[in-house]
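A quick write-up on the structure given underneath.
FYI, it's all coordinate maths here, none of it is from the lab. Predicted model, so just to flag it, every value in this text is computed and none were measured. Backbone-built Cβ (ideal geometry, glycine too); neighbour counts: all protein chains shown.
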Amino acid sequence: MEQPVRHNTQSMQKANQPGIYSTIIVGVLIAMVGTYLRFAFDSFMLSLVSWIILFVGAIVSIAGVFKILKA
């Protein structure tokens, strides 16, 4: 016989904290700014900066996802 599913465990409460999802949203917004800057102007330095901004946004978003997985 299967065990009943518990939806209110400590790990579920930790994974559903609003701060984690706010981190993911901020990371996605940063990555979107980096993506916009990549296509906005044509300059080597701006392109380099936009790639860095894009990767920072991706890292922030991935950090939020790993916080959920760690819980």
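How big is the chain by the Kirkwood estimate over distinct Cα pairs, in Å? Mind showing how you got there, number by number?
Numbers: mean 1/r = 0.0720 Å⁻¹.
This gives a value of 13.9 Å.
Any chance you could give the angle, 0 to 90 degrees and rounded to 10, that helix 44-70 forms with the longest Cα principal axis of the chain? Tilt relative to the chain: about 0 degrees. The spacing between segment 10-28 and segment 33-59, judged by their C-alpha centroids, is 26 Å.
Please compute the length gained on full extension between residue 65 and residue 45, using 0.36 nm multiplied by the number of residues separating them and subtracting their Cα-Cα distance. Please report the intermediate quantities before stating the final value.
Working: separation 20, 0.36 × 20 = 7.20 nm, distance 3.05 nm.
Residue separation times 0.36 nm, minus the Cα-Cα distance, leaves 4.1 nm.
Can you order the peptides 19-30, 3-14 by their average number of other Cβ atoms within 10 Å per residue, highest first?
Working: 19-30: 15.1, 3-14: 8.4.
The densest-packed peptide leads the list: 19-30, 3-14.
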